[in-house]
Amino acid sequence: MNLWVLLLSSMLLARGAAYYSQTSPSDEITGFSPEAAAAEIKLETAFKSGVSSERIREYHRYFTSVPHPAGTKADYNVAQYIAEEWKKQGLEEVTIRRYDVLGTRPVSTSLEMVSPKKYKAVLREQAYDVDPHTKNPEVSSAWIGFSASGEVTAPVVYAHSGNPEDYELLRQHGIDVKGKIVLVRYSNPYSYRGFKALTAQRMEAAALLIYSDPVEDGYKKGKVFPDGPWGPESHIQRGAITYDFMVPGDPLTPGWASLPGAKRIPESEAVSLPHIIALPLSWRDARPLLENMDGPVAPKDWQGGLPITFRLGGAVTAHLKVEMDNSTQPYYVVEARIKGSEFPDEWVLLGNHHDAWVYGGVDPSSGTASMMEMTRQFGALLKQGIRPRRTLVFGSWDGEEVGLTGSTEWGEQFSEELRSKLVAYLNVDSSASGPNFQGGASGSLAPMLVETTHSIHDPGGGSLHDAWLKSTARERKEAHNLQPVTDRNVVNTRIGSGSDHTVFLNFLGRPVITLEFDGPYGVYHSVYDDYYWMNHFGDPGYKYHAAMSQLWGVTALRLAQADVLPLNFQFYGNTVSQFLDELQKNKKYDAAKLNLASALKAAHELAAAAGQTQTLLKTSMASGKLDTPKLEVVNQLLMKGETNFILPDGIPGRPWFKHILYSARFTYAHLELPAITEAVEAGNWQEAQQQTEILIRALNTETALMRQVREALR
Ligand SMILES: [Zn+2]
């Protein structure tokens, strides 16, 4: 370690600081002895100083040069480019892994209103002279991943957001959607389009049209593209409707990897495969359908942002035809590593996906560009002889947009190794669509994330930590949330699904961190999410991209270099208490039917036991009593902390989702204590009781683990 200090000092002198501003990090770092912390700060300084926003812009220019949805040749080219770059950067064991998965791509789509007037939907986005990328004939027209193929001519009904309560209201108006085409809007309140599809399918609708209303991401929010960051009248939010809230990844290999020749279930048994025709629409194409309806006026909160009266249906009949090729396709995951010098079998994994609906300016190319600049720094350190103590593994996933597919198949393929070796997974999907930092972490990692942000400079001035607290306070104020922002509550510990962290947290039971900078962004999954948008609105100087490269890398370095892994189970215990408190406020919760006092007591005991353990760890480290063999034992015990919350058979009805603290609702919204909460909401009190007992046992095992750590230290 002392060698580094020397090496690093010379590196700092040798390098020009391309993008670096000094913040004053505290000289204490959780999990590091005082001497180790001093060396770590030097190492981090060297890492950060090499990050260049100009180079990130060049990476971003490449990643946004052509449309590259999963399964296309262009997407494979991106995978190959990443592999080649990683080799040049000096990363080790660069490998492209191929998975043969059930894929999805459009053959043809069309929509016409046949009565009361004729209108042929354009299903394409308007081109603008200022942005040549919008003129590319390779850009797809409107399509939805895993739509069924079919053709239907039927009446159109407006069903608001397409959630179950919306159909209930239609029923009260005597409107049955069976056999009809349902037109819904994307948000209000937000629900994942796959949930809208499943709901419409359950209602036996013939097809689903989903449009982007200007009140949600268009002119009602502000200036639209190409004059501003919001979606113009023709922007189309593509996306998949895979029921990945049931099981993500290849629908035909639930729980195992889609390697060539792997066993596959018949499509009729695949629970995540939709059976409804679906198409996304711009509001330009939805408007003629909406304004020609003559049925009952829709309720006030169903009225959209267009200057028309929204009605529930009547008069409008449309003809919709969708032809899909939902057949087996190869997806490619790129993998690389830097083998750890002292603990090669403890892995820190960093990942981002490389497939995009079109160019993926924000989603995911901003993240991919940040990643390439981050990996370049690790390669540069390695070339100078600086190897991390633990192994760093890098993953560039494919098919995230289709069903979290690449990361899921990869996680399933290496499940055994990952369960025992993975310290943590750090996910960045979109890295920057604006200046507001959003940090998420499963409970044990939240404090170390907050601590790390002190060491990152925010491009707006000051530390990222302070900027984060400020922007979060602003957001809470806007949302009329009166909770003051503190270090204890600034991290989002309510981790749902919707990106590549899912397999690592929910299937494998490993701690995760998710990082993003966001801002006004109304072009998600449309052609306008491109290089032009980023350079005019999202992050013109690529400074937030650079801050992300630094933060992502420094967070990984702390996990890779720490003497004692910075997993905080006191915080985790308190997080569980908070989840239980919130469950008691659930409208369906009945204290007479389910007593959560014992569970709360178990969570408090965990926090107390973990607090004692942390104190002892700190004093042992300060006194220099921890030698490497002892550290190894302690860290191996700490790594079991997440595993204790995993149920091998999964939560009821969703065996793939194995974490008892975290899951996602079908809408993609986060769902804490999923098994107990779903039982409470279903009024199944016996099940709720059983699941509470499972939670108490897990918490008690965790408390016992904290005692084991203390014993190992003595
Ligand atoms: Zn994404």
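The values are calculated or read from the model by the stated rules, or taken from the named source; none is laboratory data. Bear in mind the structure is a predicted one, so any value in this text is a computation, not a measurement. Heads up, the Cβs are rebuilt from the backbone with ideal geometry, glycines too, and the neighbour counts pull from every protein chain shown. Accessible surface areas use protein heavy atoms only, side chains included; no ligands, DNA or RNA. Shrake-Rupley method; radii C 1.70, N 1.55, O 1.52, S 1.80 Å.
Values for this structure:
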| item | result |
| --- | --- |
| Two-site label geometry, residue 623 and residue 682: point separation in nm, points 7 Å out along Cα→Cβ | 5.2 nm |
| Set 470/601; 178/585; 196/321 screened for pairs whose C-alpha atoms are more than 27 Å apart | 470/601; 178/585 |
| For the stretch 318-399, convex hull volume per residue from C-alpha positions, Å³ | 123 Å³ |
| Cβ-derived FRET efficiency at R0 30 Å, residue 649 paired with residue 124, nearest 0.05 | 0.05 |
| Mean residue ellipticity (222 nm) of the chain, computed from DSSP H runs ≥ 4 via -39,500 (n - 2.57), nearest 500 | -12000 deg cm²/dmol |
| Dipole magnitude of the chain, debye to nearest 20 (Cβ charges: Lys/Arg +1, Asp/Glu -1, about Cα centre) | 480 debye |
| Spin-label proximity, residue 152 to the stretch 192-207 - amide N less than 16 Å from point 7 Å beyond Cα toward beta carbon | 194-207 |
| Given the chain, longest segment not containing exposed loop GluC sites (Glu not before Pro) (DSSP; at most 13 other Cβ within 10 Å) | 205-714 |
| P(r) histogram, all alpha-carbon pairs of the stretch 229-288 included - 10 Å bins from 0, percent | 20, 33, 22, 18, 6 |
| Accessible-area value, residue 628, 1.4 Å probe, nucleic acids and ligands omitted, Å² | 60 Å² |
| Under-5 Å amide H pairs with residue 278, H placed in peptide plane, nonlocal only | 148, 208 |
| 1.4 Å probe accessible area per residue over the stretch 464-560, in Å² | 31 Å² |
| Nearby aspartates and glutamates by direct alpha-carbon distance to residue 625 (threshold 20 angstrom, same-chain neighbours under 8 apart not counted) | 28, 35, 40, 342, 563, 711 |
| Lysines with Cα under 23 Å of residue 618, excluding same-chain neighbours fewer than 8 positions away | 42, 630, 640 |
| Part-to-part distance (alpha-carbon centres) for the stretch 491-553 and the stretch 672-696, which is given in Å | 32 Å |
| Viscosity 1.306 mPa s, temperature 10 °C, Stokes-Einstein D of the chain from Kirkwood C-alpha radius, µm²/s | 60 µm²/s |
| Stretch gain in nm, segment residue 708-residue 636, where the contour uses 0.36 nm per residue and the Cα spacing is subtracted | 24.8 nm |
| Prolate/oblate/rounded label for the stretch 52-167 (Cα gyration tensor, a/c 1.5) | prolate |
| Whole-number D in µm² s⁻¹ for the stretch 41-112, Kirkwood Cα-pair radius fed into Stokes-Einstein, 10 °C, 1.306 mPa s | 102 µm²/s |
| Shape call, the stretch 462-566: gyration tensor on alpha carbons, a/c limit 1.5 | rounded |
| Quotient of Cα Rg and 2.2 N^0.38 Å for the stretch 257-379, N being how many residues it contains | 1.74 |
| C-alpha center-to-center spacing [the stretch 602-639, the stretch 345-363] in angstrom | 33 Å |
| Above-threshold pairs, the threshold being 22 Å between Cα atoms, out of 117/221; 339/421; 88/339 | 117/221 |
| Listed residues 528, 583, 541: farthest to the positive end of the dipole of the chain (Cβ charges) | 583 |
| Residue-count net charge about residue 636 - beta-carbon cut-off 10 Å; Lys, Arg +1, Asp, Glu -1 | -2 |
| Gain in span if fully extended, residue 73 to residue 265, counting 0.36 nm per residue against the direct Cα distance | 66.4 nm |
| Dipole axis of the stretch 31-87 (+1 Lys, Arg; -1 Asp, Glu on Cβ), positive-most option in 47, 36, 80 | 80 |
| Distance in nm between pseudo-label sites at residue 536 and residue 169 (7 Å out along the Cβ direction from Cα) | 3.6 nm |
| Volume per residue of the C-alpha convex hull in the stretch 194-271, rounded to whole Å³ | 148 Å³ |
| Considering only the chain, percent of DSSP beta bridges that pair antiparallel, nearest 5 | 55 percent |
| Listed residues 419, 171, 558 arranged by accessible area, highest first, probe 1.4 Å | 171, 419, 558 |
